[in-house]
């Protein structure tokens, strides 16, 4: 091909036409994808349709990508023999240089089945804990959450001492699903078992303390327990899971200093900190009414050895005599 008298090496009339057609096809595919995304936003408005919007966008992205790849192959490889040779070379190159990327894309298609997690689920993946807010071909986007004090030492370090958002948005490679376990808080059973422990002295009214803990847990989780029963039954029917007790229960633990009462109850995957805060306030108020104190690590001095105090002046007088 010649332009203004200059001959372009390696560019023929056929290649030039294919290049222009490629650019036009890429632009057309991009515009079609943007138009479809706009239609989805107009049709599926409102927070109630967020999940439908997300998966519709995923289908559009996947369809446009497949269309783009097939179109480019049709433009540049009209000869099946050339196409086979090129695919073999590309496959060998990808297998050697882009192993992580290929594995991440494979992880994306595994995630699309919905067996591991989906958008909106609360998960722990690749050491990151939080809610899934985005899913791409290579990476999963997670809104990070903190952790209770019992697991504050886990990596990565966080400063929020509960399962609430830290404000950090973290991206994790999709290939992690093949290497590490994925903890899902919401997939089959969107509830978790929580505990509130209260130490009391051995001389306190243990029966009354247990009644207060049970009453507080039952009053704050009665609706959650009712909603969790069908979910637990469905999970037991799908997996080999033994039925669990969903009613609140108090457990005793003996220590050297106090008696620890722990009430176990079912909570939703979100709002646990608010629930435990309300229960703690109510328990403290009822403990005060019942005259039950919270035990703490204190020391009581019960006696002192005899002390002998001799004045210096008395010693001097004795020496002169």
If you wrap the stretch 122-184's Cα atoms in a convex hull and average its projection over all directions, what's the area in nm²? 4.0 nm²
If each residue of separation counts as 0.36 nm, what is the full-extension length gain between residue 102 and residue 233 once their alpha-carbon separation is subtracted? 43.3 nm
Point-to-point label distance, residue 288-residue 141, nm (Cα→Cβ direction, 7 Å offset): 4.6 nm
Determine Rg/Rh for the stretch 191-290; Rg is computed over alpha-carbon atoms and Rh is the Kirkwood hydrodynamic estimate from the same atoms. 1.03
Using a Förster distance of 41 angstrom, determine the FRET efficiency expected from the C-beta separation of residue 22 and residue 164, and round it to 0.05. 0.25
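In terms of the Cα gyration tensor, with a ≥ b ≥ c the square roots of its eigenvalues, is the stretch 222-265 rounded because a/c is under 1.5, prolate because a/b exceeds b/c, or oblate?
Here the stretch 222-265 falls in the oblate category.
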FRET efficiency for residue 218 and residue 242, Cβ-Cβ distance as r, R0 = 25 Å, nearest 0.05? 0.60
Multiplying the sequence separation of residue 251 and residue 50 by 0.36 nm and subtracting their Cα-Cα distance, what value in nm do you get? 68.2 nm
If you count, for each residue, the other Cβ atoms within 10 Å and average over each peptide, how do 269-279, 137-147 line up from highest to lowest? 137-147, 269-279
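Read-outs throughout are calculated quantities, based only on the coordinates presented, and are distinct from any laboratory measurement. As the structure is a computational prediction, the values presented were derived from the model and not from experiment. Here Cβ is always computed from backbone atoms with ideal geometry, including for glycine, and neighbour counts include all displayed protein chains.
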